[in-house]
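Single-structure report; data block below.
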Amino acid sequence: SMTRVDFHSQVQDKINYSCRLIRKARVANCQILILSENADQAAELDQALWRFSPVDFLPHVMLSDPLSAHTPIIITTDLNAPFPHHDLLINLSQRFPENFSQFNRVIEVVSQHEDDANSGRQRFRMYQQQSIKPSHILASTI
């Protein structure tokens, strides 16, 4: 079946917004892979998830961690590695996830920054070229 792709645009703070998306997805029992732009952003998200909510335990590891096979939330900078699950991909990077169709669902998180918004529009068109009809959600409405 077709991968569902949702664009969340004009996000003010990608890290905080992702934490909220991840918490929501975990309530729905999703397994989540987060694609970060680089190691710095991955580390920032890692830290933010520990601090984000004292009441929700959000078990997460980096993909390279031996525990990743048994962990519902995985952070990676490398989409070419093998993943233990293919439920939800959250893309925080400006890269087009070439293997998006492996996932049931993709959420593209696009900030208000001009370069980020531009690359988001480019990815939107790339999905359309792959016969995907992405939905578009303004972050402020969530």
Counting other Cβ atoms within 10 Å, keep those with at most 14, restrict to DSSP loop, and tell me which chymotrypsin sites (Phe, Trp or Tyr not before Pro) in region 55-123 are left. Phe57
Suppose the chain between Gln10 and Ala81 were pulled fully straight at 0.36 nm per residue; how much longer would it get relative to their current alpha carbon spacing? 22.6 nm
Determine the distance separating the Cα centre of region 101-142 from the Cα centre of region 1-54; give it in Å without decimals. 14
Heavy-atom SASA rank of Arg121, Arg20 (probe 1.4 Å, accessible area, largest first): Arg121, Arg20
Estimated dipole of the chain in Debye, rounded to 20 [Cβ of Lys and Arg +1, of Asp and Glu -1, Cα centre]: 560
Residues of the chain: accessible area per residue at 1.4 Å, in Å²? 54
Where N is the number of residues in region 52-142, Cα Rg divided by 2.2 N^0.38 Å: 1.20
Give me the net charge of Asp6's neighbourhood, meaning all other residues with Cβ under 9 Å from the Cβ of Asp6; Lys, Arg count +1, Asp, Glu -1. +1
Out of the total accessible area of the chain (probe 1.4 Å, heavy atoms of protein only), what percent is carbon and sulfur? 49
Between Asn118 and Lys24, what FRET efficiency comes out of the Förster formula 1/(1 + (r/R0)^6) with R0 = 25 Å and r the beta carbon distance, rounded to 0.05? 0.35
Please work out the FRET efficiency for the pair Lys133 and Glu37, using the Cβ-Cβ distance as r and a Förster radius of 22 Å; give the result to the nearest 0.05. 0.30
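The values are calculated or read from the model by the stated rules, or taken from the named source; none is laboratory data. Keep in mind that what you see is a predicted model, and the values were worked out from it rather than measured. Note: ideal-geometry Cβ built from the backbone for every residue, glycine included; neighbour counts use all protein chains shown. Accessible surface is based on the protein model in full, side chains and every heavy atom, while ligands, DNA and RNA are left aside. Shrake-Rupley method; radii C 1.70, N 1.55, O 1.52, S 1.80 Å.
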